[in-house]
């Protein structure tokens, strides 16, 4: 018993040193290691993506990357016909919502665009209402359709 009491201060000192060593090891663990252990393993996203669910110990690390809605902002709900969704896609969103390629015609009077138009451009231009086919005639105005057919306003027969 004398030996245990005699060595008691050494045991306490040794125990305290071990505790201090364990505490200092825990403290020396970097915030990056702590974040990784908690599942926050990412530090960067690919272009077009943004970070979500950041580590509370170090905001540099996060759980996942999601589509950047400032870049991929168009979907079926906000891209009205005749416009079409195009460009890169991320989940259900696209980069662009634009007029179809075949909407190229800018119609000049007496031609008018055949509806629906898209940003002032049309698939096809036609003579505005009131022009018709008449031959032989002396028209007061004429209109040539894209097909080549000529239509007239106020046909007067000789």
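The values are calculated or read from the model by the stated rules, or taken from the named source; none is laboratory data. Just so it is clear, the structure is predicted and the values come from calculations on it, not from any experiment. Virtual Cβ from ideal backbone geometry, glycine too; neighbours counted across all protein chains shown.
Within the stretch 124-146, is even one residue more than 30 Å from residue 34 (Cβ to Cβ), assigned to a loop (DSSP other than H, G, I, E, B) and at pLDDT 90 or above?
Yes - at least one qualifying residue is present in the stretch 124-146.
Of the residues examined, residue 96 is not one that is under 30 Å from residue 118 (Cβ atoms), in contact with a strand residue (DSSP E or B) (Cβ under 9 Å, 6 or more places away or on another chain) and assigned to a loop (DSSP other than H, G, I, E, B).
Look at residue 79 and say whether it is in a strand (DSSP E or B), under 30 Å from residue 46 (Cα atoms) and either at pLDDT 90 or above or outside the structural domain of residue 45 (by TED's automatic domain parsing) (or both). Spelling it out, it is not the case that residue 79 is in a strand (DSSP E or B), under 30 Å from residue 46 (Cα atoms) and either at pLDDT 90 or above or outside the structural domain of residue 45 (by TED's automatic domain parsing) (or both).
If we keep just the residues of the stretch 107-123 that are under 22 Å from residue 79 (Cα atoms) and modelled with pLDDT of 90 or more, which is surrounded by the fewest Cβ atoms within 10 Å (Cβ to Cβ)?
The extreme case among them is 119.
Tell me, please, whether a residue that is closer than 30 Å to residue 121 by Cβ, modelled with pLDDT of 90 or more and loosely packed, with under 15 Cβ neighbours inside 10 Å can be found in the stretch 60-71. Taking every residue of the stretch 60-71 in turn, at least one turns out to be closer than 30 Å to residue 121 by Cβ, modelled with pLDDT of 90 or more and loosely packed, with under 15 Cβ neighbours inside 10 Å. Of all residues in the stretch 102-127, those being in contact with a strand residue (DSSP E or B) (Cβ under 7 Å, 6 or more places away or on another chain) and more than 22 Å from residue 149 (Cα to Cα) number 0.
Among the residues of the stretch 12-29, is any over 30 Å from residue 95 (Cβ atoms), modelled with pLDDT of 60 or more and surrounded by 10 or more Cβ atoms within 10 Å (Cβ to Cβ)? Checking the stretch 12-29: at least one residue is over 30 Å from residue 95 (Cβ atoms), modelled with pLDDT of 60 or more and surrounded by 10 or more Cβ atoms within 10 Å (Cβ to Cβ). Here is the figure for the stretch 30-68: residues that are within 30 Å of residue 93 (Cβ to Cβ) and without any contact (Cβ under 8 Å) to a residue 12 or more places away in the chain total 4.
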